[in-house]
1. Between A129 and N10, with labels modelled 7 Å along Cα→Cβ, what's the label distance in nm to one decimal, could you check?
2. For the stretch 87-170, what's the relative contact order in percent, using C-alpha pairs closer than 8 Å and at least 6 residues apart?
3. Taking +1 at the Cβ of each Lys and Arg and -1 at the Cβ of each Asp and Glu, which of L122, T98, A161 sits farthest along the dipole of the stretch 74-170 towards its positive end, judged by Cα position relative to the Cα centre?
4. For K86, list the lysines whose Cα falls under 16 Å from its own Cα; do not include residues on the same chain fewer than 8 positions away.
5. Just the accessible area for H30, please: 1.4 Å probe, Å², rounded to the nearest 10?
6. Which order do the peptides 74-85, 100-111, 131-142, 158-169 come out in when sorted by mean C-beta neighbours inside 10 angstrom, highest first?
Amino acid sequence: MQAVVIVSKNQDFTDVASQLIRKELGMDCHVVSDSSQAHQWPDALAITDENLPVRMQDIFNKIRSNMLKSDNKIMLGNWELSPRLKTLSHGQVSINLTDKEVQLLQCLKEAGTCGIGRDNLLKEVWGFAPGINTHTLETHIYRLRSKIKELVGNSLIIDAADGKYGLRYE
């Protein structure tokens with residue numbers, strides 16, 4: 001997985017940002033005070049504090065957008081998710097995905113067996129505030145389920161139980 005380098009002399013910003021990036025995204029996070037030190041991690045995404053104050057959600061969105069461009073393939077059971085190509089493959093079968101579908105699958109994978117709540121998915125994928133009245137998530141999940149089922153059946157299931165969404169492999 002790709003790393004993040006935070007370039008800042010603001011200790012409060014770096015403490016909070018690095019903790020949140022590690023906790024929320026599970027990524028390696030390095031802190032340096034000068035941009036010339038960032039060269040130690042050439043493949044890392046650099047985040048600076050030039051535009052403080054900044055919303056952490058904006059930083060998360062920038063990181064996720066950059067991850068979509070990387071070629072880190074993610075295994076979902078027997079399925080292979082390619083964020084850069086925006087495809088979900090199973091054997092010789094491949095499904096084209098939208099950016100939001102890729103982000104949705106990444107969030108579901110990161111949630112693991114615990115699942116992730118509706119409000120959290122809306123926040124992580126679309127940046128929506130908790131409690132918003134929208135059917136965006138349900139619509140995207142319906143379309144994604146349809147794409148998967150149409151091609152190879154139910155070997156990858158997006159499950160909704162106890163108010164949480166998750167992935168189930170069969």
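1. Taking the two extended label points, one gets 2.3 nm.
2. So the answer I get is 30 percent.
3. T98
4. Those lysines meeting the cut-off are K69, K73, K100, K109, K147.
5. In the full protein context, H30 sits at about 50 Å².
6. Numbers: 74-85: 16.2, 100-111: 19.2, 131-142: 12.2, 158-169: 13.8.
Per-residue Cβ counts within 10 Å, averaged per peptide and sorted highest first, yield 100-111, 74-85, 158-169, 131-142.
The values are calculated or read from the model by the stated rules, or taken from the named source; none is laboratory data. Here the structure is a predicted model, which means the values were calculated and not measured. In this analysis, Cβ positions are derived from the backbone assuming ideal geometry, glycine residues included, and neighbour counts consider all displayed protein chains. When the accessible area is computed, the model is the full protein with side chains, heavy atoms only, and any ligands, DNA or RNA have been set aside. Shrake-Rupley method; radii C 1.70, N 1.55, O 1.52, S 1.80 Å.
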